[in-house]
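The structure appears right after this line, and notes come after that.
The values are calculated or read from the model by the stated rules, or taken from the named source; none is laboratory data. Just so you know, these numbers come straight off a predicted model, no measurement behind them. Note that each Cβ is placed from the backbone with ideal geometry, even for glycine, and that neighbours are counted across all protein chains shown. Calculation scope for accessible area: heavy atoms of the full protein, side chains included, ligands and nucleic acids excluded. Shrake-Rupley method; radii C 1.70, N 1.55, O 1.52, S 1.80 Å.
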Amino acid sequence: MRRYFEFAGRTGTLAVTLVAVAVLLLLVFPNLPIGGDTLDTKPGYTYAEAMASMEEYGADGRTAYAWASMVLDTLFPLAYVTLFAGLIYRFRASEGTWWLACLPVVGGVCDLLENAQITTMLVQYPDIGAVQVAWASAFTTVKWWVGPVYQILGVGLLLLAAGRAAVARIRCGGES
């Protein structure tokens, strides 16, 4: 796992994953022809809410969402997990805190499990069970709880490192 984190923390890897995440979030996902808000963008949902969403999507929307869930929403967790694991690992406070880079991995695994459940529901509609919706919603909820933790940690560590670098430059410039 540490080799993956070392790879993720490289400048080039961080840059590529940042661009990938931005493109998917800002250009691709908002323009998918699904016909409603996707289930994975909600913090959780009930059986009735899931069924209402499935109906709202329509047949074409469900097909587009299933395709996006299998392809794009598999690439997306890989990109954001790599980005945030890389930030956390590269800018960690000490060697003993490297394991914090596992937090985005937990979120990404929950995201992939959620995607598998949602894709199955989209394909099986209208034959969807309440237990299946409960599992999908549970994975969604965990993803939404873990996400802010590793996002704040990753960005916070990056900002802390940038601040330290700026202070070091000022000190070096002032001692000349």
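Tabulated values for the structure
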{"quantity": "Neighbours by Cβ (under 9 Å, 6+ apart or cross-chain): first from region 139-164, closer than 15 Å to T82 by Cα; second modelled with pLDDT under 95 and in a helix (DSSP H, G or I)", "calculated": "none"}
{"quantity": "Number of the exception - I128 against (1) open to solvent by less than 60 Å² (accessible area, probe 1.4 Å); (2) part of a helix (DSSP H, G or I)", "calculated": "(2)"}
{"quantity": "Unmet criterion (only one of (1) of a type in the set (D, E, K, R); (2) within 30 Å of T97 (Cα to Cα); (3) surrounded by fewer than 14 Cβ atoms within 10 Å (Cβ to Cβ)) for D60", "calculated": "(2)"}
{"quantity": "Meets criteria (in a helix (DSSP H, G or I), surrounded by 23 or more Cβ atoms within 10 Å (Cβ to Cβ) and either modelled with pLDDT of 95 or more or at positive phi (or both)) for A85", "calculated": "yes"}
{"quantity": "Selected residue [part of a helix (DSSP H, G or I) and surrounded by fewer than 19 Cβ atoms within 10 Å (Cβ to Cβ)] from V123, V133", "calculated": "V123"}
{"quantity": "One residue from F91, F76 being of a type in the set (F, W, Y) and either under 16 Å from P43 (Cβ atoms) or over 12 Å from the mean Cα position of the chain (by Cα) (or both)", "calculated": "F91"}
{"quantity": "Sole exception among (1) assigned to a helix (DSSP H, G or I); (2) at pLDDT 95 or above; (3) not hydroxyl-bearing (S, T, Y) for P33, by number", "calculated": "(1)"}
{"quantity": "Sole residue being more than 15 Å from the chain's Cα centre (by Cα), open to solvent by less than 50 Å² (accessible area, probe 1.4 Å), within 24 Å of T17 (Cα to Cα) and not charged (D, E, K, R), chosen from L100, L153, L158", "calculated": "L100"}
{"quantity": "Number of the condition not met by L24 [criteria: (1) open to solvent by 90 Å² or more (accessible area, probe 1.4 Å); (2) in contact with a helix residue (DSSP H, G or I) (Cβ under 6 Å, 6 or more places away or on another chain)]", "calculated": "(1)"}
